[in-house]
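Working notes, beginning with the structure itself.
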Amino acid sequence: VKGDKMIGIYMSGTGNTRHCITRLMEKVTGRAEVFAIEDPSSVDAVSGADEVVLAYPTQFSNVPYMVRDYINRNASLWQGRKVICMATMGAFSSSPCSG
Ligand SMILES: Cc1cc2nc3c(=O)[nH]c(=O)nc-3n(C[C@H](O)[C@H](O)[C@H](O)COP(=O)(O)O)c2cc1C
């Protein structure tokens, strides 16, 4: 990791994950630079970052399909940067990034 620019990207259905990543980024970086993965500008935002927090809701004890698809469609994006996964959940645990 070359620099220390950190941003957040997320998928959120009812808003829990968006709330959590926004609060986390405010605490860690002092500002909330967060982008929904549905937003095409999230790709440019990741390109300009050194560290990325990827946040998603646990679905069926796993990473949601939409998030796995985003990771795979943008495979080269993850090279050379640190990616930290953050999962929210309703009741029981999952294996983050197991997808
Ligand atoms: C289709 C679906 C599957 C889910 N599966 C799980 C699960 O396996 N374990 C769990 O603890 N919560 C599960 N949940 C609950 C969500 O992970 C939880 O409510 C999350 O905080 C929702 O985040 P969001 O508001 O950003 O969408 C599931 C929710 C949905 C809609």
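The numbers here are math on the coordinates, done by the rules we state, and not lab data. Note that the coordinates shown come from a computational prediction; the quantities given were computed from them, not determined experimentally. Note that we place each Cβ from the backbone using ideal geometry, even for glycine, and neighbour counts take in every protein chain shown.
Points to keep in mind about this one:
- Distant alpha-carbon pairs in segment 8-99 (separation over 20 angstrom), percent: 29
- Helix 16-29 vs. the chain, principal-axis angle (Cα, 0 to 90°, nearest 10): 30
- Each residue of segment 67-81 was assigned a 3J(HN,Hα) from its phi angle through the Karplus expression (A = 6.51, B = -1.76, C = 1.60, θ = phi - 60°), giving 6, 4, 4, 4, 4, 6, 5, 10, 3, 6, 4, 8, 6, x, 10 Hz with x at Gly and Pro.
- Each Lys or Arg adds one and each Asp or Glu subtracts one; over the other residues with Cβ under 15 Å from the Cβ of T22, this totals +1.
- When only Cα pairs below 8 angstrom with a gap of at least 6 residues are kept, the chain shows a relative contact order of 32 percent.
- Restricting attention to the chain, close to 5% of DSSP beta bridges with both partner residues there are antiparallel.
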